[in-house]
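Step one of this worksheet: look at the structure below.
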Amino acid sequence: MADAHAEMGVIQQFHDLGLTEGKHMNLVITGEKMCNYCASSKTGVLAAAKESGLKSITITDKVANTINTFKF
C-alpha cells in the first residue's frame, strides 16, 4: 500500500477497517489530475470501490471540475 496512489489507498484503508461493505463513499480529488490507471474502470478507483464492497461512490474532482456518482 505504500506505493499505491492516494485514491486507491484511501479505499483500501477504509476496507481494511471494515467501513466499506454496503456503504457510500465520497472521494474528493484535489491538487493533481487523476492518472489514467486510477481513472480506468477496469483497474482503477471504480474497480477498487466495487471490490471493496461499496454500494456507491461519488467522485468530486476539483482539478477537472466534475462530480460523478457510480452505483454498483
If you go through the range 50-60, how many residues are surrounded by fewer than 17 Cβ atoms within 10 Å (Cβ to Cβ) and under 22 Å from residue 30 (Cβ atoms)?
-> 3
Where residues in the range 1-49 are aliphatic (A, V, I, L, M) and surrounded by fewer than 10 Cβ atoms within 10 Å (Cβ to Cβ), which of them is farthest from residue 62 (Cα to Cα)?
-> 17
Do we have any residue at all in the range 42-65 that's touching a residue at least 24 places away in the same chain (Cβ under 8 Å), of a type in the set (A, V, I, L, M, F, W, C), more than 16 Å from residue 5 (Cα to Cα) and part of a strand (DSSP E or B)?
-> yes
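Computed from the coordinates by the stated procedures, all read-outs in this text should not be read as laboratory data. Computed from a prediction, not measured in an experiment: that's the story for all the values here. Counting neighbours? That spans all protein chains shown, and the Cβs are built from the backbone with ideal geometry, glycine included.
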